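What follows is a single structure, and I will ask about it in a moment.
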Amino acid sequence: MIHDKTGVDNYTLYLPLTIDVITKFFVITSKKESHHQDMRIHFIAIGGSVMHNLAIELKALGYEVTGSDDEIYEPSKGRLQAAGLLPEYVGWYPDKITEDIDAIILGMHARKDNMELRAAQKLGLKIYSYPKFIFEQSKNKKRVVIGGSHGKTTTTSMIMHALRKNGVDYDYLVGAQLDGFERMVRLSDAPVIVLEGDEYLSSPLDRRPKFLHYQPDIAIVTGIAWDHINVFPTFEGYVDQFRLFIQSLESDGKLFYYGWDEELRKLILEDEHYCDTKMYYAASHFRESGKTWIRHEGKVYPMSVFGKHNMENLQAAWYVCKELGVTDEQFLGAMEDFKGAARRLQLLGRNASTQVYWDFAHAPSKVKATVDAVKSSAKEKRLVACLELHTFSSLNKRFHKHYAGTLDKADKAIVFFSEHTLEMKKLPHFSTEQLAFAFKHHNIIVTTDPETVRRSLEQEDYTNADLLLMSSGNFGGIDVQGLAEKITG
């Protein structure tokens, strides 16, 4: 048992899988492609963002794929339906679990006592978490893994964009839908795989962070800022996961890390694990005429993305692409039309005086970086920032003090949380006044009513003002795209 710094046995995240689970792993790609149609794979919790993309990819490769879930939302629902994989009924049905299933892929949304999971265990079926499955399919590839508390989706997307623009063949797993990519997962016989390395748990049976499965040849760590308090109840326990990730690099691997992150620098200095290269990176760019540029070897390249944190992400992606054979000129040329990943400073609408952005930011460090980026891109304009707290950490009263100052660069702030979400996550209630006090913002509205959010945003004066929407949910059902069009139309 691993103890946190308080001496309490809060989690067993570092332990390897139990023997009965280890013996169930196998490599599906060892079968010839012509036999894929003979293989059955069942997804328990198929509605997850990566889970449904992996299911669609495996069906496209010729596997027989089925799945179950007790709730499936858009866009997963529509994409599964289009692929012919949407379960006929929501819920768990143990009669779907039969001896002719070759593998179960288990998502985090399921519980340890899930009735389909129990049926699979009783039959002795092979059970994977999706990161373990992905690793088994990429053992013979060069593995590039992007980890960090923030920026990993954008950095992964930048690498993917540059490789594709320059004709490099590669597989991938990324945590957001990207323009020009049909799915968030690709598995083929490509020699390289690019993986977004999530530090959250792998499955109900596998309590390790996902990125500890991948054993990278090349790794990026973008920074460390405490998140997932429901799983990592102490900051020290959270940092330990990144220590283990760094130590998981292959001995001749290369690590690129953000050099101005204090906690990350400490890990690098104390780490005795040998890897071939450890290099820090930072941002390198300038703004002129309202646009971001990068100067390199006498040439300047205009960028479509902006903000210090995006330029830091770009620098990390640049290093990795050089390792994969992409020249500086090829990389920077490719970045000129990189628009970003979905809900990563995504531009939803604009007119002569207003731009509306949508971002996935929810953890304090992500919120602050995103607000600062939008404000710095147009310092002369007012900024209205609207944030939904939706995750376990963000809805935990003990965590709220970390949001102090995160919205300071916004001229007006609106914070929304759902009482229903609190109940679903079985978290203690708190008042809007308590939350407003935690943010310490001079002009803030905190509400649990989606209609108040919608009305406040629609009635705002956006003359020479931008709107930034931040959420990992949907603000209680607000049509965000329709709102943006109404504001900028």
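So, in Å, what gap is there between the alpha-carbon centers of the range 450-466 and the range 275-292?
Value for the Cα centre distance between the two parts: 35 Å.
Now a separate question. Given that compact globular proteins tend to follow 2.2 N^0.38 Å, what is the ratio of the alpha-carbon Rg of the range 32-188 to that value?
1.06
Just to confirm the filter: which GluC sites (Glu not before Pro) across the range 328-406 are DSSP coil and have at most 11 other Cβ within 10 angstrom of their Cβ?
Filter output for the range 328-406: GLU380.
Moving on. Can you check how the C-alpha radius of gyration of the range 122-213 compares to 2.2 N^0.38 Å, as a plain ratio?
Ratio of Cα Rg to 2.2 N^0.38 Å: 1.13.
Quick check on the chain: helices-only [θ] at 222 nm, where DSSP H runs of length 4 and up contribute -39,500 (n - 2.57) each and the sum goes over total residues. Nearest 500, please.
-8500 deg cm²/dmol
Take each of the peptides 76-84, 262-270, 38-46, average the number of other beta-carbon atoms within 10 Å over its residues, and list them starting from the highest.
38-46, 76-84, 262-270
Label points 7 Å out from Cα along the Cβ direction at LYS339 and LYS291: separation in nm?
Label at LYS339, label at LYS291, 1.7 nm between them.
Quick check on the range 346-488: what are the equivalent-ellipsoid semi-axes from the Cα gyration tensor, as sqrt(5λ), descending, whole Å?
24, 16, 13
So for the chain, Kirkwood radius off the Cα pairs, Stokes-Einstein at 10 °C and 1.306 mPa s: how many µm² s⁻¹?
After rounding, the answer is 67 µm²/s.
Please list 3J(HN,Hα) in residue order for the range 460-469, calculated via the Karplus relation 6.51 cos²θ - 1.76 cosθ + 1.60 where θ = phi - 60°; whole Hz, with x for glycine and proline.
5, 8, 9, 5, 6, 9, 10, 10, 10, 9
If the chain between ASP408 and LYS486 were fully stretched, how many nm would it gain, using 0.36 nm times the residue separation less the Cα-Cα distance?
Taking ASP408 through LYS486 to full extension adds about 25.4 nm, to one decimal.
Suppose every K and R has +1 on its Cβ and every D and E has -1 on its Cβ; what is the size of the dipole of the chain about the Cα centre, in Debye to the nearest 20?
540 debye
For GLU423 and GLU451 in one chain, what is 0.36 nm times their gap in residues minus the Cα-Cα distance, to one decimal in nm?
Roughly 8.1 nm would be gained on extension.
What does the highest-first list of 155-166, 287-298, 113-124 look like by mean Cβ count within 10 Å?
Per-residue Cβ counts within 10 Å, averaged per peptide and sorted highest first, yield 155-166, 113-124, 287-298.
Among the complete DSSP H segments of the chain, which ones combine at least 27 Å of alpha-carbon extent along their axis with a mean Kyte-Doolittle hydropathy of -1.0 or more?
none
Read-outs throughout are calculated quantities, based only on the coordinates presented, and are distinct from any laboratory measurement. Bear in mind the structure is a predicted one, so any value in this text is a computation, not a measurement. Cβ atoms come from the backbone with ideal geometry, glycine included; neighbour counts cover every protein chain shown.
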